[in-house]
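Below: one structure, written as structure tokens.
Every number here is computed from the coordinates shown, using simple stated rules; none is lab data. Keep in mind that what you see is a predicted model, and the values were worked out from it rather than measured. Positions of Cβ are generated from backbone atoms using ideal geometry, with glycine treated the same way; all protein chains shown enter the neighbour counts.
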Amino acid sequence: MVTENDVEHIADLADIGMEPGELAPFTQQFNAILGYFDILDTVKGGDIPPHGQVNVMREDVVAPALPVEDVLRNAPASEDGFIKGPRVM
Amino acid sequence: MAGTLTFSPDDRFHAFLTTCRKTEYGDGPLCGIPVAVKDNISTKGIETTCASKILKGYIPPYDAHVVQLVRGAGAAVVGKTNMDEFGMGTTTENSAFGPTLNPWDDGRVPGGSSGGSAAAVASGMVPMALGTDTGGSIRCPAAFCGIVGLKPTYGRVSRYGLIAYANSLEQIGPMADSVANVSKLFSVIAGHDPRDSTSCARPYAHEPSADIQGLKIGIPNEYFGTGVDPSVADVVRKAIRRLEELGATTVPCSIPSMEYALAAYYVTCTSEASSNLARFDGIRYGPAADSKKAWHEAYREVRKAGFGPEVRRRILLGTFALSSGYYGKYYAKAQVARANVRADFLRILESVDVIVGPTMPTIAFRLAEKSDPLSMYLSDILTVPANLAGIPAISVPCGKSDGMPVGLQIMGRHFEDERVIDVAYAYEQAVSA
């Protein structure tokens, strides 16, 4: 059973934000959906690698890219050809 | 001959989010044909929003591979179609810009998530459109709106320029007013593209054939079981009898992994979504994050305001399924379940050529009929297996129930898209004769 505190914690991990009034309905829906997912407990085995495939690497090759001004056109804030983000500290 | 197409349709079903009044087109196999494109496929110079507030105003600086191809084939890209936000939904009601209505009954949904593309075709505004299918998003609206839609074999169409939701499941595919037009559009978009590392060198150059003499069809019990509306099942059974009259033979079969296929699908797609949608943070595109605030606080504000409830719910579910302590119970188990679904389909397809059943368990829902997320998810039960297995699947109209269209779903072996198209064509030709 997932609690409202759990949902709030997950919302923090996902940077999704949560209004106080949303917590109760989200938690109730979350539990109903997770209850349905419990059917996966009946699946036998658990050691099969996902898809049974391995990564195939190639050499990194420089290819043509979009002009900087085209890429920056959709950025809300930029400076000297760089994208401006919020402060880290 | 190249030219300019004027497009000013009466869009009373709200199929389009953006229309292009005048479009130049070139020469080629799709010369002058108006083609609608789902709004999660990048179009250079045309706003592309995924029906989300978080991408409002985003103008892609490049074309998706498929858009380059359809433009190169002479088509006129006349607009971008409505959808469930980021493809997350079964009705197109999850669009941030309002729902699309079903052209057969405007009190009902068109299906989703490619509901705008389906309604644009069904209402006659365009003969063909591009959709995307992660768990049924081409086939469901095709069935609900009475048109044809193909989810190609995974890898047959490049996903370059498709705004990702669940990479391991989704494919771009053709939707059209006839099987011949689905085939025509597919022949333009299929083939290898080095910019999608999962793309295969399997181009499509096939003329549909209506000869299905000797075809072996598997009929899975699970596609006619609990949850499937009996009147929808009856319409589909009649269509299968028609295929038998055309020379096909049918055998019953069973897909035991169907029991947990839907859970495996939702764990997988929400997990992939939680990772993919991390990029929407108001830094490179979308509404501005407040750069005076701290990193996480700024992100949270942008994402809370920009994403709708279903998108946020799926990001939360996926984050949870991947989180430490729950990964083994959810994500890892879902991948084993997925391998079992694939194995079941491959086993059955060793002894039959195609597997046939209904596309959707019911006809189109009434607007706002499904308000509970889980009951909405359950309606995808018949379409998600093809995405989990990576096999081709087509929906072709096969009659009506309660006055609304019903879709016949035909699934085939990997890279045998030609065969599912032929079976759909044979059926379509037989009933239109």
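Summary of computed values
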item: For B:Asp344, B:Asp290, order by how many other beta-carbon atoms lie within 10 Å, fewest first; result: B:Asp290, B:Asp344
item: Computed [θ] at 222 nm, deg cm²/dmol, chain B (DSSP H ≥ 4; -39,500 (n - 2.57); rounded to nearest 500); result: -10000 deg cm²/dmol
item: Surrounding net charge for B:Tyr265, when Lys and Arg each add one and Asp and Glu each subtract one, Cβ distance under 10 Å; result: 0
item: Segment B:298-433: Cα Rg divided by the 2.2 N^0.38 Å rule of thumb; result: 1.34
item: Reachable lysines, given that their alpha-carbon falls under 26 Å from the alpha-carbon of B:Lys293 and they are not under 8 places away in the same chain; result: A:Lys84, B:Lys53, B:Lys56, B:Lys304
item: Inter-label distance, nm, simple model (7 Å from Cα along the C-beta direction), B:Lys292/B:Asp402; result: 5.5
item: Nearby aspartates and glutamates by direct alpha-carbon distance to A:Lys44 (threshold 14 angstrom, same-chain neighbours under 8 apart not counted); result: B:Glu259
item: Estimated distance in nm for a label pair at B:Ala305 and B:Ala368, the labels positioned 7 Å out from Cα along Cα-to-Cβ; result: 2.8
item: Neighbour-count ranking [beta-carbon atoms within 10 angstrom, fewest first] of A:Met89, B:Met360; result: A:Met89, B:Met360
item: Among beta bridges that DSSP assigns inside segment B:27-168, antiparallel share in %, nearest 5; result: 25
item: Cα pair distances of the protein assembly as shown binned at 20 Å [whole percent]; result: 23, 58, 18, 0
item: Sparse-neighbourhood loop sites, trypsin sites (Lys or Arg not before Pro) in segment B:265-316 - DSSP loop, at most 10 other Cβ within 10 angstrom; result: B:Lys292
item: Percent antiparallel among DSSP beta bridges (both partners in the protein assembly as shown, rounded to 5); result: 70
item: Model label zone, B:Val431; criterion: amide N under 19 Å from point 7 Å along Cα-to-beta-carbon; scope segment B:181-224; result: B:181-183, B:208-213, B:217-220, B:223-224
item: Reference-scaled alpha-carbon Rg (2.2 N^0.38 Å with N residues) for segment B:1-127; result: 1.00
item: Lysines whose Cα lies under 20 Å from that of B:Lys22, excluding same-chain neighbours fewer than 8 positions away; result: B:Lys38, B:Lys44, B:Lys80
item: Phi-based couplings in Hz for segment B:270-282 (Karplus 6.51, -1.76, 1.60; Gly and Pro marked x); result: 6, 4, 5, 5, 5, 7, 4, 7, 5, 6, 8, 9, x
item: Among A:Leu13, A:Leu72, A:Leu23, residue whose mean-square fluctuation peaks in a GNM of chain A (springs only between Cα atoms under 10 Å); result: A:Leu72
item: Gaussian network model of chain B, Cα within-10 Å springs - most flexible of B:Asp281, B:Asp417, B:Asp177; result: B:Asp281
item: Residue mean of other protein chain beta carbons inside 10 Å, B:285-292; result: 4
item: Isotropically averaged projected area of chain A, using the convex hull of Cα atoms (one quarter of hull area), nm²; result: 12.0
item: Rounded to 5, percent antiparallel among DSSP beta bridges of chain B; result: 70
item: With 5 Å bins from 0: P(r) over segment B:152-201, alpha-carbon pairs, percent; result: 4, 23, 29, 22, 14, 7, 0
item: Cβ-based exposure ranking for B:Asp10, B:Asp133, B:Asp211, B:Asp229, in which fewest neighbours within 10 Å come first; result: B:Asp10, B:Asp211, B:Asp229, B:Asp133
item: In segment B:141-230, trypsin sites (Lys or Arg not before Pro) in a DSSP loop with at most 15 other beta-carbon atoms within 10 Å; result: B:Arg195
item: Cα-based Rg and Dmax for chain B, where Dmax is the largest Cα-Cα distance (Å); result: 20.4, 71
item: Gap separating the Cα centres of segment B:1-63 and segment B:340-365, nearest whole Å; result: 34
item: Among B:Ile138, B:Ile33, B:Ile172, residue whose mean-square fluctuation peaks in a GNM of chain B (springs only between Cα atoms under 10 Å); result: B:Ile33
